[in-house]
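S.K.: So that we are looking at the same thing, I have put the structure below in structure tokens.
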Amino acid sequence: MSTPTPAGAGSEQVKVAVVYYSSTGTVAALAKEISEAAEKAGAEIRLRRAPELAPQSGIDSNPAWAENQRATAGIPEATPDDVDWADAVLFGTPTRFGNVSSQLKQVLDQLGGLWGEGRLADKVYSGFASSATLHGGQESTLLALYNTIHHFGGLIVAPGYTDPAKFADGNPYGTSHVDAQGDKPVDETARTAARIQAERVVRIARAVKAGLSV
Ligand SMILES: Cc1cc2nc3c(=O)[nH]c(=O)nc-3n(C[C@H](O)[C@H](O)[C@H](O)COP(=O)(O)O)c2cc1C
């Protein structure tokens with residue numbers, strides 16, 4: 001299934017912020033795939049990571065966590081300005097007991113000022129997640145994330161089953177991946193879902209921006 005682009009909406013340059021938290025690199029890999037796909041779809045991109053809240057001793061005790069910290073050190077930390085700047089924001093988080101990670105939540109909780117000024121409304125938002133286990137809480141994590149978007153007055157653009165490939169990954173709420181405690185790196189199924197979601201967000205954000213500008 002594909003949805004046509006509304007007339008006149010094709011030329012809008014949209015700004016997309018991909019804001020994520022990742023301890024051991026799974027969500028970081030999804031964020032990279034999503035930002036590359038959004039850029040390919042014509043968007044201007046800001047890829048941003050949530051500032052770490054865990055103690056360095058905890059990070060150093062887990063080789064995958066320490067390696068991801070090293071590998072992503074060059075990605076700027078997210079600030080409220082990144083959300084303010086964007087026409088569309090994709091938030092990514094690992095599942096934490098079926099919920100959003102505290103690190104990404106801290107980014108959201110710093111948006112009160114923008115929320116108070118009404119600057120978070122009318123933007124497009126979407127989410128992506130990962131878990132260690134199948135049925136380990138990806139959907140509840142994304143739905144918990146989307147609670148916040150309702151308070152923003154944001155426009156949630158979930159992937160749904162808008163592409164035949166969505167029946168392979170099976171998560172209409174957002175891209176997700178089961179990493180089996182780090183044994184299963186992000187695979188082609190999740191990467192395809194990431195690209196579908198990114199392209200859809202760019203397309204809908206472009207249409208919303210065009211529609212709001214008239
Ligand atoms: C405190 C904590 C809670 C977690 N809760 C869950 C959970 O409820 N279900 C699950 O499947 N995985 C859970 N996980 C595992 C991570 O969500 C999972 O490994 C995720 O893919 C890691 O993403 P990352 O590599 O981007 O950090 C938890 C991990 C931690 C540290």
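S.K.: Picking from Val19, Val100, which residue would you name as being crowded, with 21+ Cβ neighbours inside 10 Å and either touching a Ser or Thr at 6+ places or on another chain (Cβ under 7 Å) or free of Cβ contacts under 8 Å to residues at least 40 places away in the same chain (or both)?
M.R.: Numbers: Val19 fails: either touching a Ser or Thr at 6+ places or on another chain (Cβ under 7 Å) or free of Cβ contacts under 8 Å to residues at least 40 places away in the same chain (or both).
After ruling out the rest, the residue left standing is Val100.
S.K.: Name the residues in the range 71-89 that are outside any helix (DSSP H, G or I) and small (Gly, Ala, Ser), would you? Outline the logic, then answer.
M.R.: First, the residues of the range 71-89 that are outside any helix (DSSP H, G or I): 72-79, 86-89.
Scanning the range 71-89 gives Ala73, Gly74, Ala78, Ala86, Ala88.
S.K.: Does the range 60-70 hold any residues that are in a helix (DSSP H, G or I) and touching a residue at least 24 places away in the same chain (Cβ under 8 Å), and which are they?
M.R.: From the range 60-70, those in a helix (DSSP H, G or I) are 60, 63-70; that's our starting set.
Of everything in the range 60-70, those that are in a helix (DSSP H, G or I) and touching a residue at least 24 places away in the same chain (Cβ under 8 Å) turn out to be Ala64, Trp65, Glu67, Asn68.
S.K.: Considering (1) more than 11 Å from the ligand (Cβ to nearest atom); (2) part of a strand (DSSP E or B); (3) closer than 23 Å to Asn171 by Cβ, say which one Arg46 fails and leave the rest.
M.R.: (3)
S.K.: Taking only the range 124-155 into account, find how many residues are surrounded by 23 or more Cβ atoms within 10 Å (Cβ to Cβ) and away from the ligand (no atom under 14 Å from the Cβ). So that I can check it myself, show each step before the final result.
M.R.: Residues of the range 124-155 surrounded by 23 or more Cβ atoms within 10 Å (Cβ to Cβ): 124-130, 138, 141-142, 145.
Keeping just the survivors that are away from the ligand (no atom under 14 Å from the Cβ) gives 124-126.
Of the residues in that region, 3 qualify.
S.K.: Collect the residues in the range 92-111 that are more than 13 Å from the ligand (Cβ to nearest atom) and not in a helix (DSSP H, G or I), keeping them in residue-number order.
M.R.: Scanning the range 92-111 gives Gln110, Leu111.
S.K.: Give the range 168-197 a look and list any residue that's in contact with a Lys or Arg (Cβ under 8 Å, 6 or more places away or on another chain), in a helix (DSSP H, G or I) and away from the ligand (no atom under 16 Å from the Cβ), or say none. Before you say what the answer is, go through the steps one by one.
M.R.: Residues of the range 168-197 that are in contact with a Lys or Arg (Cβ under 8 Å, 6 or more places away or on another chain), as a first pass: 172, 177-178, 193, 196.
Still in the running and in a helix (DSSP H, G or I): 193, 196.
Passing the criteria: only Ile196.
S.K.: For residues in the range 48-75 being surrounded by 20 or more Cβ atoms within 10 Å (Cβ to Cβ) and in contact with a Phe, Trp or Tyr (Cβ under 8 Å, 6 or more places away or on another chain), which is nearest to Ala86 (Cα to Cα)? Full working, then the answer.
M.R.: Looking only at the range 48-75, we keep the residues that are surrounded by 20 or more Cβ atoms within 10 Å (Cβ to Cβ), and these are 48-50, 68-69.
With in contact with a Phe, Trp or Tyr (Cβ under 8 Å, 6 or more places away or on another chain) added as a condition, the list becomes 48-50.
Working: Arg48: 12, Arg49: 15, Ala50: 16 Å.
The selected residue is Arg48.
S.K.: Looking at Ala158, is it closer than 23 Å to Arg195 by Cβ, in contact with a Leu (Cβ under 9 Å, 6 or more places away or on another chain) and surrounded by 14 or more Cβ atoms within 10 Å (Cβ to Cβ)? Working first, answer last.
M.R.: Details: closer than 23 Å to Arg195 by Cβ: yes; in contact with a Leu (Cβ under 9 Å, 6 or more places away or on another chain): yes; surrounded by 14 or more Cβ atoms within 10 Å (Cβ to Cβ): yes.
Yes.
Bear in mind that the values in this text are calculations on the coordinates, not laboratory data. Since we're looking at a predicted model, the values are computed, not measured. For neighbour counting, all protein chains shown are included, and Cβ atoms are generated from backbone atoms with ideal geometry for every residue, glycine included.
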